[in-house]
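Working notes for the structure below.
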Amino acid sequence: MLDVHPPHHRLEGIKDFVIHLLTITAGLLIAVGIEGCVERHHQHDLAIEAREKLHKEIEQNAKKMADDVTDLTAEQAKVKDGIAVITHLAEHPKDKNQHGSIAVNYSLKEWDSTAWTTAQTTGALAFMPYDEANKYSRIYDAQHSVSIEQGKLAEDVAQFGGALYRSSIGSDSFTSEKAGLLLERLGIMETHVATLKGMAMESADIDKAFLEGKESSFNYHEDIQH
């Protein structure tokens with residue numbers, strides 16, 4: 001804060017007045033300049049700190065996302081095996097000599113976003129180049145989409161578990177109609193697994209490209225066949 005004091009002696013003329021006015025103006029400009037430098041330095045430090053925390057958080061999340069892709073690949077195989085077992089049971093519902101196992105499960109994953117939330121709250125993103133801030137936004141948007149989509153798969157597992165219990169599979173009351181309901185549940189699950197896997201692969205690719213200083217050019221396609 002700059003205090004402006006009155007002159008210590010009487011102003012004798014225009015010259016004294018102009019000199020005093022210029023002195024005040026120069027003082028104000030210096031004060032404003034110093035304040036601006038301090039503010040820019042603070043903004044610079046804020047952006048640097050946010051950048052470091054975001055990079056560390058993205059590294060950690062990238063490992064989790066890669067693990068999720070591996071888990072989803074294994075889950076795809078389990079669902080396909082389950083479809084094969086139930087398809088055979090549907091064709092031979094009374095065959096007591098059939099053997100097979102059905103095991104489908106999925107654990108909800110969590111990814112950290114504290115650094116991202118903090119960067120938004122403190123306004124640190126505003127002090128970064130637009131392209132850089134946009135990259136962070138894309139990374140966390142992809143991560144959030146995976147988090148939302150995995151809820152569908154968790155619901156699929158619960159729905160299939162209930163249908164499997166009601167089907168009396170392995171008993172004389174198991175019918176082709178009940179097998180058809182189980183196949184329908186597994187078909188929905190298979191679609192959601194493939195969708196979620198594609199989204200997780202895209203998110204993992206975006207993370208990897210960012211950490212390597214590259215641009216992501218991910219393209220995913222998978223045919224579901226029986």
Residue that is farthest from I58 (Cα to Cα) [pool: residues in the range 164-187 that are surrounded by fewer than 16 Cβ atoms within 10 Å (Cβ to Cβ) and not hydroxyl-bearing (S, T, Y)] = D172
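Quick one: which residue in S203, S176 is touching a residue at least 60 places away in the same chain (Cβ under 8 Å) and touching a Pro at 6+ places or on another chain (Cβ under 9 Å)?
Checking each option against the conditions leaves just S176.
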What are the residues in the range 51-94 that are surrounded by fewer than 18 Cβ atoms within 10 Å (Cβ to Cβ), under 28 Å from the mean Cα position of the chain (by Cα) and acidic (D, E), if any?
-> E52, E59, D67, D71
The one condition D172 fails out of (1) in a helix (DSSP H, G or I); (2) more than 14 Å from the chain's Cα centre (by Cα); (3) acidic (D, E) is (1)
Kindly establish whether L11 is touching a Phe, Trp or Tyr at 6+ places or on another chain (Cβ under 9 Å) and either at pLDDT 55 or above or over 30 Å from Q120 (Cα atoms) (or both).
-> yes
From the list E132, E215, pick out the single residue that is outside any helix (DSSP H, G or I), more than 30 Å from I86 (Cβ to Cβ) and not aromatic (F, W, Y).
-> E215
Can you name the residue in the range 139-163 that is exposed (fewer than 15 other Cβ atoms within 10 Å of the Cβ) and either touching a residue at least 60 places away in the same chain (Cβ under 8 Å) or charged (D, E, K, R) (or both) and is also farthest from V79 (Cα to Cα) among such residues?
-> D141
Determine whether A119 is touching a helix residue (DSSP H, G or I) at 6+ places or on another chain (Cβ under 8 Å) and closer than 30 Å to D205 by Cα.
-> yes
Test A154 against the criterion of being within 30 Å of A209 (Cβ to Cβ), in contact with a helix residue (DSSP H, G or I) (Cβ under 6 Å, 6 or more places away or on another chain), in a helix (DSSP H, G or I) and among the small types (G, A, S), and give yes or no.
-> no
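The values are calculated or read from the model by the stated rules, or taken from the named source; none is laboratory data. Please read these numbers as outputs of a predicted model, since none were measured by experiment. For neighbour counting, all protein chains shown are included, and Cβ atoms are generated from backbone atoms with ideal geometry for every residue, glycine included.
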